[in-house]
1. Taking the criterion of being under 17 Å from the mean Cα position of the chain (by Cα) and surrounded by 17 or more Cβ atoms within 10 Å (Cβ to Cβ), would at least one residue in segment 221-238 satisfy it?
2. When segment 102-139 is examined, which residues are found to be assigned to a helix (DSSP H, G or I) and modelled with pLDDT of 60 or more?
3. Looking at G141, G166, G218, can you tell me which residue is under 13 Å from the mean Cα position of the chain (by Cα) and of a type in the set (G, A, S)?
4. Return the residues of segment 191-238 that are assigned to a helix (DSSP H, G or I) and among the hydroxyl-bearing types (S, T, Y); say none if nothing qualifies.
5. Find all pairs meeting these conditions: Cβ atoms under 9 angstrom apart; at least six residues apart or on different chains; first residue within segment 208-225 and without any contact (Cβ under 8 Å) to a residue 60 or more places away in the chain; second residue part of a helix (DSSP H, G or I) and crowded, with 20+ Cβ neighbours inside 10 Å.
Amino acid sequence: MRGWERVPVVVQGQRRRGARAVRVVWVGAELAVTFGVLVLLLVVHQLYWTNRQAQASARDQVARLERQWDAQQPPPAGPPVTGTPSSDPAVSTAPERPGDRMRQEFRSTLEQVPPPRPRRDAAYAVLRIPRLGLTVPVAEGTGRSAVLNKGYAGHYAHTAQPGETGNFALAGHRNTHGEPFRFLNRLRPGDTVEVVTAAARYTYAVDRTVPRTTPSDGTVIAPVPYSTAHPSLRYTEPGSYLTLTTCTPEYSSAYRLVVWGRLTGALPR
């Protein structure tokens, strides 16, 4: 009889161990589901919400800059004074093309009075790339939280300013936080890139692309840009260059994609 009395105790212990195992599995499943939901929310936040916030912020900043510039514009000049053409044969009577005099005066002004340097992290220009349908602010510096994560293009502070001789170099996110440079790889030679400031409208033409280089290839933003990693990709003469940089491939920061351009025109805004 004593042997039979032990049987229920053994069965009960097995049931308890089985119940504990079930609870452990259940708790583990709940934790796994909770972790999965958190990861999913993080992905949604990074891929959707940060883009939405940054793009809205960038649009507002562009509108704010344009309103500020319009408020600073002087009143329009009166009609030009007409007169009798000079009879001096040394003076050319060939008709001026529209904008010729304005371009000459503007270039002379730029040479005499360089634009003021922008404040760190402050938005001071607008970048437009028609092929990409892109319009974003340009801010001084490339800090993540202060500039790039707002969906702005960031100006490498030690490089030239728009229109200046040297290299006007910009960085931007390719994915998340507005991803303004996501489709930078779609640019082709001859595509137009426009940079607008309070004083001027500068037009650059895309010239060439470095599809993939290392993050340490810093000479791509040199005054006369070239790639240390790809020696055949280089410029050899001073000029007014534009450099756009972003991470590549998508959703990775392993390499850099670089687009170079040259200044082709400058006009008052």
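The values are calculated or read from the model by the stated rules, or taken from the named source; none is laboratory data. Fair warning: this is a prediction, and the values are worked out from it, not measured in the lab. With ideal geometry, Cβ positions are generated from the backbone for all residues, glycine too; neighbour counts draw on all protein chains shown.
1. At the first step, the residues of segment 221-238 found to be under 17 Å from the mean Cα position of the chain (by Cα) are 221.
After this cut, where a residue has to be surrounded by 17 or more Cβ atoms within 10 Å (Cβ to Cβ) as well, the list is 221.
Checking segment 221-238: at least one residue is under 17 Å from the mean Cα position of the chain (by Cα) and surrounded by 17 or more Cβ atoms within 10 Å (Cβ to Cβ).
2. Of everything in segment 102-139, those that are assigned to a helix (DSSP H, G or I) and modelled with pLDDT of 60 or more turn out to be P130, R131, L132.
3. It is G141.
4. Across segment 191-238, the qualifying residue is only T219.
5. Partner pairs satisfying both residue conditions: T209/L184; V210/V220; T213/V220.
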